[in-house]
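Input: a single structure, listed below in structure tokens.
Read the figures in this text as sums done on the coordinates, not as results from a lab. All of these numbers come straight from a predicted model, not from anything done at the bench. Note that we place each Cβ from the backbone using ideal geometry, even for glycine, and neighbour counts take in every protein chain shown.
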Amino acid sequence: MLALKDVSAGYGGFQALFDISLEVRAGETVAVIGPNGAGKTTLLRVVSKLIEPAAGELSMEGRPLNALRAHEVIRHGIAHVPENRRLFPKLTVEENLRMGAFVREARAHFTERLERVYALFPRMKERRAQRAGTLSGGEQQMCAIGRALMSGPKLLLLDEPSAGLAPVVVQSIFEVLRKMRADGYTVLIVEQNIRQVLKVAQRAYLLETGRIRLAGTSAELLASDAIKKAYLGL
């Protein structure tokens, strides 16, 4: 579904990614793991065209993405949940969800997708008339994921969904990700909680200093001595 080939990118004179090649197949949950500053967030921003690649090729279902502008990406089936949620704090939960269905193709499916989001996140239905800025951190994350799902994406990009959340809330977020995997959603997730995300994802890439150092199934990465020593404290 998504394919990157030899992609390099950065900010100004700083290069953050070096010759990245990866793929995400339909129905997969794929994780990108690694330390702070490895380039994980930059990678997602390149896919959603918030940052233009300096080199390399990006494609979605065989169609090139390089020439697209950021606002056109969502019409190609890609939705991005950024780090720190970025909700509209003064709008209600349901108004935020409605914003996720702003493209013409999504408006016709608003009601059925809203019910699907509420089924996935029952708490959002309870809070639908509450201003998003007054939600807890975990509820805001649920709302942000729900808003992205309202566009009916073929591919969901998740940037650090567990960041800043209490451990019990992190568990609930990963439980939702398990349900999404079971429902056949295609997800590319960037996450520092390596132990948890490798229990959800089928495959993973280890990104360090802008380069892919390891790639394989989640079981293979969990069994890797490099992962155990550097990231799991084993």
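Worth a mention:
- Surrounding net charge for Arg45, when Lys and Arg each add one and Asp and Glu each subtract one, Cβ distance under 13 Å: -1
- With all pairs of different C-alpha atoms in the average, the Kirkwood value for the hydrodynamic radius of segment 189-234 is 10.6 Å.
- HN-Hα J in Hz across segment 30-38 - Karplus 6.51, -1.76, 1.60, θ = phi - 60°, x for Gly and Pro: 10, 9, 10, 10, x, x, 4, x, 7
- Using θ = phi - 60° in the Karplus curve 6.51 cos²θ - 1.76 cosθ + 1.60, the 3J(HN,Hα) couplings for segment 156-163 round to 10, 9, 10, 10, 6, x, 9, 4 Hz; x is entered for Gly and Pro.
- Take 39-47, 192-200 and order them by the average number of nearby Cβ atoms within 10 Å per residue, most first; the result is 39-47, 192-200.
- For Ile20, the amide hydrogen comes within under 5 Å of the amide hydrogens of Asp6, Val7, Ser8, counting only partners 5 or more places away or on other chains and with H modelled in the peptide plane.
- Cβ crowding within 10 Å averaged over residues, with 166-179, 205-218, 135-148 ranked highest first: 135-148, 205-218, 166-179
- Between 0 and 90°, nearest 10: helix 167-182 axis offset from the chain longest Cα axis: 90 degrees
- Helix-only [θ]222 nm of the chain, DSSP H runs n ≥ 4, -39500 (n - 2.57) each, per residue, nearest 500: -10000 deg cm²/dmol
- A simple spin-label model places the labels of Ala223 and Thr209 2.9 nm from each other, with each point 7 Å out along Cα-to-Cβ.
- Segment Leu232-Asn84, length gained on full extension (0.36 nm per residue, minus Cα span): 50.8 nm
- Net charge over other residues, Cβ less than 12 angstrom from the Cβ of Ser172 (K, R count +1; D, E count -1): +1
- Its convex hull of Cα atoms gives segment 83-149 a direction-averaged projected area, equal to a quarter of the hull surface, of 4.0 nm².
- J(HN,Hα) series, segment 18-26, from Karplus relation 6.51 cos²θ - 1.76 cosθ + 1.60, nearest Hz, glycine and proline x: 10, 6, 7, 10, 7, 9, 10, 8, 4
- Gain in span if fully extended, Ala182 to Arg107, counting 0.36 nm per residue against the direct Cα distance: 24.4 nm
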